[in-house]
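Structure first, then comments.
Where a number appears in this text, it was derived from the coordinates with a stated rule and is not lab data. The structure presented is a predicted model; accordingly, all values stated were derived computationally and were not measured. Here the Cβ positions follow ideal geometry from the backbone for every residue, glycine too, while neighbour counts run over all protein chains shown.
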Amino acid sequence: MIKNLVLYIVLGIFLLLILNIFLLIKNPSVYTDLVPGGRVTVSDGKDDVNGFIVFPSTTGVSDPVSTRDFRKDSDVVKLDEVTFQFDEGVANNEISYQIFFDDIDKSFTLSLLQEPLASSRLNAEEALLKRLAVPKNDLCSMKIIVNTPSFVSEDYSGNNLGLSFCPGAMNL
């Protein structure tokens, strides 16, 4: 009886090992690792993993960043097949910023629509941090453009102003 039990356990372990080897050979590029802090690293290029969006690092030295899938939030507007808008900031009864997300290249655009630009940028950054629930340094490795149109500021229009807390940001 004990011999049969040991035989079944060994056989079960052997079959699980064979199954894992088969799955690894069949799809070797998939590797998902959930590490402390909720970061998901995925090497197969998929952007939606278990309710998360995975953003490749733009720096090449940091891990990809994952956020919960905010595209499904009730206040997010799908403008077309790949563009989403959320978090319009209002100050003095005017829109001070808008945030857009491009699903193809996984980029954000923070459009500053009101002077003072430093205040509008700070409010947009806070809204983005709250929406994505990631640390500031993770935003620095994501593709984010901060801009303003010429009707708001001719001096700064046409430039990527950057996030105020990231290297290379323009002082406003």
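Between Cys166 and Asp73, what length in nm is gained on full extension when 0.36 nm per residue of separation is reduced by their alpha carbon distance?
Working it through step by step, the gained length comes to 30.8 nm.
Mind listing P(r) for the range 76-154? All alpha-carbon pairs, 10 Å bins, whole percents.
18, 52, 28, 2
Would you list Thr148, Thr67, Thr58 from fewest to most Cβ contacts within 10 Å?
Final ranking by Cβ density, sparse to dense: Thr58, Thr67, Thr148.
Fewest first, what order do Met142, Met170 take by the number of other Cβ atoms within 10 Å?
Met170, Met142
What do you get for GluC sites (Glu not before Pro) in the range 94-170 restricted to DSSP loop and a cutoff of at most 11 other Cβ within 10 Å of the site's Cβ?
Passing sites in the range 94-170 are Glu154.
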